[in-house]
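The values are calculated or read from the model by the stated rules, or taken from the named source; none is laboratory data. Because the structure is a prediction, the values reported are computed rather than measured. Positions of Cβ are generated from backbone atoms using ideal geometry, with glycine treated the same way; all protein chains shown enter the neighbour counts.
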């Protein structure tokens, strides 16, 4: 925050994004922030909650899409879920078009029930109506991007209810961004426009309140 306060213009925006990205990665899992392959178990309440949710979904014979904005986190989730004996796949921007369609076809055919997808790679153009659950493992700055991803399960031909789960670490930057987006949802197009640049334009005091740790921190 001291560096942010001393910076201006594009330099300040870059520092804000670096700060927020680091905090969001820690919320996802410490191993993500530290660039570690593991161990993952017992180090993240969010991952524990995901495990519980996926277990319930699988026990009901349903399928789930898990979106993350980070490819590195997607790889961690894929390995973690596979290590639990779950049949899964990971779709991200580097997956060739032919293999991408193969993954979609296999999921739609029920060959695996847990599909990890990078948010930007899977936000548009996919028909994944076999899924009855969508999990946003981390939150994006623009709610419209999340909505586009959730819509992959809400395509023509979907004849079952779809539940959308958004995972948030309480008392962190994720919690306060989620509250901000929820409060402004009706005015989302005005408040956040079509992109994510608004987050870097926050004033120093608002930014400090956003990144403060602890339930209720920064509330006025």
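Of note:
- Condition broken by residue 80, with the remaining ones in (1) assigned to a helix (DSSP H, G or I); (2) within 20 Å of the chain's Cα centre (by Cα); (3) closer than 20 Å to residue 140 by Cβ satisfied: (3)
- Qualifying residue in the range 55-63 (condition: within 19 Å of residue 118 (Cα to Cα) and at pLDDT 95 or above): yes
- When the range 9-44 is filtered for residues that are loosely packed, with under 13 Cβ neighbours inside 10 Å and over 17 Å from residue 199 (Cβ atoms), the ones remaining, listed by number, are 34, 35, 37, 38, 39, 41, 42.
- If only residues of the range 128-159 that are modelled with pLDDT of 85 or more and more than 12 Å from the chain's Cα centre (by Cα) are counted, the one that is surrounded by the most Cβ atoms within 10 Å (Cβ to Cβ) is 131.
- Residue satisfying all of: in the range 57-78; closer than 17 Å to residue 38 by Cα and touching a residue at least 40 places away in the same chain (Cβ under 8 Å); surrounded by the fewest Cβ atoms within 10 Å (Cβ to Cβ) among these: 71
- Complete set of residues in the range 160-189 that are more than 20 Å from residue 53 (Cα to Cα), at pLDDT 85 or above and surrounded by fewer than 18 Cβ atoms within 10 Å (Cβ to Cβ): 171
- Lone qualifier among 107, 90, 112 - being assigned by TED's automatic domain parsing to the domain that holds residue 57, touching a helix residue (DSSP H, G or I) at 6+ places or on another chain (Cβ under 6 Å) and in contact (Cβ under 8 Å) with a residue 12 or more places away in the chain: 90
- Taken over the range 79-91, residues that are surrounded by fewer than 20 Cβ atoms within 10 Å (Cβ to Cβ) and on the phi < 0 side of the Ramachandran plot amount to 6.
- When residues of the range 115-126 are limited to those that are out of contact with any helix residue (DSSP H, G or I) (no Cβ under 7 Å at 6 or more places or on another chain) and not in a strand (DSSP E or B), the one surrounded by the most Cβ atoms within 10 Å (Cβ to Cβ): 121
- Test: residue 8 is over 19 Å from residue 119 (Cβ atoms) and either modelled with pLDDT under 95 or not assigned by TED's automatic domain parsing to the domain that holds residue 119 (or both): yes
- For the residues 51, 28, the requirement of being out of contact with any strand residue (DSSP E or B) (no Cβ under 6 Å at 6 or more places or on another chain) and in the same structural domain as residue 110 (by TED's automatic domain parsing) singles out 51.
- The sole residue among 42, 113, 122 that is over 30 Å from residue 212 (Cβ atoms) and at pLDDT below 95 is 122.
- Taking the criterion of being more than 18 Å from residue 21 (Cβ to Cβ) and either modelled with pLDDT under 90 or assigned to a loop (DSSP other than H, G, I, E, B) (or both), the residues of the range 190-205 that qualify are 190, 191, 193, 194, 203.
- Residue list for the range 52-77, filter: under 17 Å from residue 111 (Cα atoms) and outside any helix (DSSP H, G or I): 60, 61, 62, 63, 64, 65, 66
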